[in-house]
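Below is one structure, written out as structure tokens, with a few remarks after it.
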Amino acid sequence: MVAYEANFDGLVGPTHHYAGLSYGNVASTENGAAISSPREAALQGLTKMKALADQGFPQAVLPPQERPALAVLRAAGFAGSDAEVLIQAQQHAPFLLAACSSASAMWTANAATVSPSADTADGRVHFTAANLHNKLHRAIEHRQTSRTLQAIFADERYFAHHAALPSHAWFGDEGAANHTRFCAEYGQAGVAFFVYGQAMTDPNAPIPCRFPARQTREASQAIARQHGLAPERVVYAQQLPQTIDAGVFHNDVIAVGNRNVLFFHQNAFYQPQQVLAELRQKLQAIGSDLIAIEVPAVAVSVSEAVQSYLFNSQLLSRPDGSMCLVVPEECQQQPKVWRYLQNILNAGRYPITELKVFDLQQSMQNGGGPACLRLRVVLTEAERAAVNPQVWINDQCYQQLTDWVNRHYRDRLCIEDLADPTLLQESRTALDELTQLLALGSIYPFQQD
């Protein structure tokens, strides 16, 4: 069956700011308290979406979440009017206010894990919203994520939605940032590749010492069961703990895959030869051969990979079978990284035949590159027709969203601005209009009050 891989990019929200909220994410902590530009951030993301759509890659948009999250602040004991809650939070719990104001839902690779209909037991596309248990500012996202996904993928004939896993350390789930699907053709059965940082039920398995392992094996296994994936077409692999301690908080910071290609760093996985052997065996069983492109540490160190976000790239297929690698500008600024990418193109041995470079500095400074900004969803033609049509990026949608950002977003935002009740009202006004532009209905709590 013919199917396509669509990228659903997160639209950066009006409260995009830098507060160093994500321990273990080097870029996030290094840029804490810097001045942000929500308008520039949103426009940079839209530019990438439109450029890829113009190249023929199916591209859609996911809306921001409502921030600040007043319900969380009220649950933490702050009371009174909205303005009073914001002021109290800034005075007594500024870190909590920053967390409740985070625009981190823009990194939709963490929104959910998605399994296409060719892989699932009931022949529907399955979504499980990620609980993002490890970080407060992200753990508050999944309920809105579920509402948003259900509004976009509403037809129960084609789409199945699962609530986030229990919010417990055993079930720490970071969504598609730790999941890759390999296949020969998108519409054919594939192999689900789940990468985890820690096995909670295996006391002998290694764990990182400095930074937390956010994804658990138990969470990945639970999602595979939810989605009805055949065990013979699932591979579980552990991240190398030392690499997590070097700032590789998700697998998509150290590896990226598409169809039968895995582009990864030498230090991405624990027991890598076993991982590759199992992937090869299970791919061969469905009629495909794994193409493993391993980047040696002598060519690009883990530190250089983290600084450049070489692997937090998008690997996209063209109709002729060639692939395009979408990277951030930071890859050009790292001489060894850029040299390695040029060598890949010049070698002529791999499907990667083109590089596309984008300025995503606003997102990058908070620790999110091209791959973080998108959720991959494989859709047949019938499934694609069942998606809310207003979210697809085309000339009209792009222009409407660009105009919307320019009218509603601030050019500069600092931590102190988060307590400004005017910012809250600006954000709600903007989101209310956005739901009309995208025909999403009343998906936000403030619209239902």
Checklist line | Of all residues making up the stretch 433-446, the number that are under 16 Å from Pro68 (Cβ atoms) and assigned to a helix (DSSP H, G or I) | finding: 2
Next item on the list: Could you please let me know if Thr113 is in contact with a Gly (Cβ under 7 Å, 6 or more places away or on another chain), crowded, with 24+ Cβ neighbours inside 10 Å, outside any loop (DSSP other than H, G, I, E, B) and not aromatic (Phe, Trp, Tyr)?
Entry: yes
Notebook entry, point to check: If a residue has to be farther than 21 Å from Arg318 by Cβ and among the hydrophobic types (A, V, I, L, M, F, W, C) to count, how many in the stretch 333-377 make the cut?
Noted result: 5
Note to self: I'd like to check something: does the stretch 274-291 contain any residue that is touching a residue at least 40 places away in the same chain (Cβ under 8 Å), closer than 17 Å to Ala371 by Cβ and in a strand (DSSP E or B)?
What the structure shows: no
Margin query: Can you find a residue that is of a type outside the set (Val, Ile, Thr), open to solvent by 10 Å² or more (accessible area, probe 1.4 Å), in contact with a Cys (Cβ under 8 Å, 6 or more places away or on another chain) and in a helix (DSSP H, G or I) anywhere in the stretch 123-138?
Written below: yes
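To keep it simple, each residue is scored yes or no on (1) over 19 Å from the mean Cα position of the chain (by Cα); (2) surrounded by 21 or more Cβ atoms within 10 Å (Cβ to Cβ); (3) not β-branched (Val, Ile, Thr).
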residue: Glu232; (1), (2), (3): yes, no, yes
residue: Tyr236; (1), (2), (3): yes, no, yes
residue: Gln239; (1), (2), (3): no, yes, yes
residue: Asp252; (1), (2), (3): no, yes, yes
residue: Val256; (1), (2), (3): no, yes, no
residue: His265; (1), (2), (3): yes, yes, yes
residue: Pro272; (1), (2), (3): yes, no, yes
residue: Leu279; (1), (2), (3): yes, yes, yes
Note to self: Here's a check for you: in the stretch 425-442, which residue that is open to solvent by less than 10 Å² (accessible area, probe 1.4 Å) and of a type in the set (A, V, I, L, M, F, W, C) is nearest to Tyr409 (Cα to Cα)?
What the structure shows: Ala430
Check: Can you name the helices (runs of 4 or more DSSP H) wholly within the stretch 1-104 that have at least 1 residues being open to solvent by 10 Å² or more (accessible area, probe 1.4 Å) and modelled with pLDDT under 95?
Finding: 26-30, 94-100
Note to self: Between Gly368, Gly348, Gly321, which is at pLDDT below 95 and within 26 Å of Ala41 (Cα to Cα)?
What the structure shows: Gly368
Check: What strands (runs of 3 or more DSSP E) lie completely within the stretch 297-379 and have 1 or more residues being loosely packed, with under 15 Cβ neighbours inside 10 Å and not hydroxyl-bearing (Ser, Thr, Tyr)?
Finding: 352-358
Next item on the list: Filter the stretch 207-249 for residues that are at pLDDT below 95, assigned to a loop (DSSP other than H, G, I, E, B) and over 15 Å from Ala176 (Cβ atoms) and give the result.
Entry: Ile207, Pro208, Cys209, Arg210, Phe211, Pro212, Ala213, Ala246, Gly247, Val248
Check: Do we find that Ser117 is hydroxyl-bearing (Ser, Thr, Tyr) and closer than 30 Å to Gln221 by Cβ in this structure?
Finding: yes
Margin query: Let me confirm something: among Leu401, Leu424, Leu418, which residue is under 24 Å from the mean Cα position of the chain (by Cα), modelled with pLDDT of 95 or more and in a helix (DSSP H, G or I)?
Written below: Leu401
Check: Among Arg147, Arg157, which is in a helix (DSSP H, G or I) and surrounded by fewer than 24 Cβ atoms within 10 Å (Cβ to Cβ)?
Finding: Arg147
Check: among the β-branched types (Val, Ile, Thr) and in contact with a Cys (Cβ under 8 Å, 6 or more places away or on another chain) - does that describe any residue in the stretch 209-217?
Finding: no
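The values are calculated or read from the model by the stated rules, or taken from the named source; none is laboratory data. As the structure is a prediction and not an experimental result, all values here were calculated from the model. Cβ: placed from backbone, ideal geometry, glycine included. Neighbour counts: every protein chain shown. SASA here: full protein model, heavy atoms, side chains in, ligands and nucleic acids out. Shrake-Rupley method; radii C 1.70, N 1.55, O 1.52, S 1.80 Å.
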